[in-house]
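J.: Pasting a structure below so you can have a look.
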Amino acid sequence: SLRPDVVLMDVTMPVLDGVEATRRIRGTQPEVRVVMLTMHADEATMARAIRAGADGYLVKDCSTDEIAEMLTKVVDGHTAVSRDVAVSMLREVHRTQSGMVEELVSKREEEVLQLIADGCSSAEVAERLFLSQKTVKNHLASIYHKLDARDRTQAVLRAVRMGIVRLS
């Protein structure tokens, strides 16, 4: 039986797809490194391959030099993805993180935070947003909890760092 150091294969194959082949190889020969070379640059396919045990994921339009470089990295024990895939992954991470920030505080809490960052008192926030001061205080309590802040200054600092509000 063959004992290769690295298997380079496509995701799409006629009898057994590359993801399932990777799963089987890793199940019987865990020391074998597996690299996918494919035309599929989407995150979902790449994620399936990595979860199955692939050590590398390269898109077919990469150069032969890039393929050689990535194979060397994989043989040396590193995980490798082609530049196009890495850029796509980073975009997805940024999209997901910004979605998480949007979910962290409500739109109204974001408005309250922005006015606080602009230097408004609770009374001024209430007046500008047509809210009672009690409602503003409730929003602030919720913001403190969500941002793990002790006071309005700490809440604003954390919100600025997270990109929720901007200092003017």
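J.: Determine which single condition residue 37 fails, assuming it passes every other condition in (1) among the hydrophobic types (A, V, I, L, M, F, W, C); (2) assigned to a strand (DSSP E or B); (3) touching a His at 6+ places or on another chain (Cβ under 6 Å).
T.: Only one criterion is unmet by residue 37, namely (3).
J.: Still on this structure, I have one more. Among the residues of region 39-53, is any polar (S, T, N, Q), at pLDDT below 85 and touching an Asp or Glu at 6+ places or on another chain (Cβ under 6 Å)?
T.: No, there is no match, as no residue in region 39-53 is polar (S, T, N, Q), at pLDDT below 85 and touching an Asp or Glu at 6+ places or on another chain (Cβ under 6 Å).
J.: Still on this structure, I have one more. Which ones in region 116-168 are small (Gly, Ala, Ser), in a helix (DSSP H, G or I) and within 17 Å of residue 104 (Cβ to Cβ)?
T.: Of everything in region 116-168, those that are small (Gly, Ala, Ser), in a helix (DSSP H, G or I) and within 17 Å of residue 104 (Cβ to Cβ) turn out to be 117, 141, 142, 155, 159.
J.: Same structure again: Only one of (1) of a type in the set (Gly, Ala, Ser); (2) on the phi < 0 side of the Ramachandran plot; (3) not in a helix (DSSP H, G or I) is not met by residue 77, so which one is it?
T.: Failed condition: (2).
J.: Working only within region 33-52, note down all residues that are more than 13 Å from residue 79 (Cα to Cα) and either β-branched (Val, Ile, Thr) or outside the structural domain of residue 69 (by TED's automatic domain parsing) (or both).
T.: 38, 45
J.: Just one of 52, 21 is aliphatic (A, V, I, L, M) and under 24 Å from the mean Cα position of the chain (by Cα); which is it?
T.: 52
J.: A further question follows. Pairs please, first residue from region 112-132 and hydroxyl-bearing (Ser, Thr, Tyr), second anywhere and buried (at least 20 other Cβ atoms within 10 Å of the Cβ) and part of a helix (DSSP H, G or I), Cβ atoms under 8 Å, 6+ apart in sequence or on different chains.
T.: So the pair list comes out as 122/136; 122/140; 132/126.
J.: From the residues in region 1-18 that are within 16 Å of residue 44 (Cα to Cα) and buried (at least 16 other Cβ atoms within 10 Å of the Cβ), which one is farthest from the chain's Cα centre (by Cα)?
T.: Among those residues, the one meeting the criterion is 17.
J.: For residue 88, which of the numbered conditions (1) at pLDDT below 90; (2) surrounded by 18 or more Cβ atoms within 10 Å (Cβ to Cβ) fails to hold?
T.: In the conditions (1) at pLDDT below 90; (2) surrounded by 18 or more Cβ atoms within 10 Å (Cβ to Cβ), residue 88 misses (2) alone.
The values are calculated or read from the model by the stated rules, or taken from the named source; none is laboratory data. Keep in mind the model is a prediction, meaning the values are calculated, not measured. Cβ coordinates were reconstructed from backbone atoms using ideal geometry, including for glycine residues, and neighbour counts include every protein chain displayed.
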